[in-house]
Amino acid sequence: MAESAQANTAVQVRDLTRAFGVRKALDRVSFDLPGGAFLSIFGPNGAGKTTLVRVLTTLLNPSSGTASVCGSDVVTEAVQLRHRIGLISHNPLLYPDLTAEENLLFFSEMYGLDDPKTRVRELLESVELDHRRLDVVSTFSRGMLQRLSIARALLHRPDVLFLDEPYSGLDPHAMDILDGLIAQIRGDHTFVMISHDLDKGLELCSHALILARGKVVLFEKREEIDVPEFRATYRATVGTGVA
C-alpha cells in the first residue's frame, strides 16, 4: 500500500458544494476519512451520494469548497490523482467488443503496468473469469460484467477504491466472490462505498455517512454506532425524499 494511503487522512472534504442550477446536490459537506478505513455512504435517492463520489473521483468539479484524496486536490491535481484511485460504478467502463483479457490489457497499458499479462491473469482468476478471458464482453451477464469491472478497477492497485452500489445486480455467487475479494484486499486499500443495503454496508464499514438533501446527517465510526438508533435515523432520512 502506498505511503499516502497509510497517512492519517486518505479523504478530506471541506464545505464541499455542488449545484446544478439552483439545486444543491451537495451542500457544504465536510468529513475526514483516515487511511485504511472503509466508509459506507447511505441516503435516499437524490441525496447526493453519487455526486459526492463523482467529485472525489475527479469526474465532476465542485461548485465551491475543497476535497482531496491521497493528499491530492480533486481539481488542481486531478491527472495524478486518477492513477491513485479506482472506481466501480453502474457503468462497467468496459469495451463490449473486446475480450475480457483485451479489456484488462488495454487498461494495463494506460496505467503503464509492469508485467501486465501476469497481473491480468491474476485478477481474472480472483474474480473467477479466467475461463472466459477470451470471450467478448458483450456476451457477459450483468454479474460477470461487474466482476470484470472490479478487476479493471484493481489493476493498478489503487490507494483508494470507490464503489457505487457494487452489489447491485449480482447473483448470490457473484456476491460471495465480491465479499471474498474485499476481505482479501481490505488491508491494501481505503474504501468508499455507496450502499442502499444497511446490513451489508454496516457489516463492511469502519465509518458510516448518511446524506440527505446534499447535507451530512450523520458521520460516525462504526464502533460508536448504536444500530437501532442508526436505523431510525436512516428511516427518517429516507422519508425526506429526493434532494
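FYI, it's all coordinate maths here, none of it is from the lab. The structure displayed is predicted, hence computed values, not measured ones. Cβ sites come from the backbone with ideal geometry, for glycine too, and all protein chains shown count toward neighbours.
Near Lys49, which aspartates and glutamates are there with a Cα under 17 Å away, not counting those fewer than 8 places off in the same chain?
Lys49 reaches Asp15, Asp27, Asp32, Asp164, Glu165, Asp197, Glu220.
Roughly what would the spin-label model give for Val227 and His131, points 7 Å off Cα along C-beta, in nm?
Result: 3.6 nm between the two label points.
Quick one, which of (1) 142; (2) 123; (3) 111 is the actual volume of the Cα convex hull per residue in Å³ calculated for this model?
Of the labelled values, this structure produces (2).
Got a sec? Which residues in the range 22-37 would a label at Ala78 touch, if it sits 7 Å along Cα→Cβ and we count backbone N under 18 Å?
It comes to 25-26, nothing else.
Which shape class applies to the range 143-204: rounded if a/c is under 1.5, otherwise prolate when a/b exceeds b/c and oblate if not, where a ≥ b ≥ c are the square roots of the Cα gyration tensor eigenvalues?
oblate
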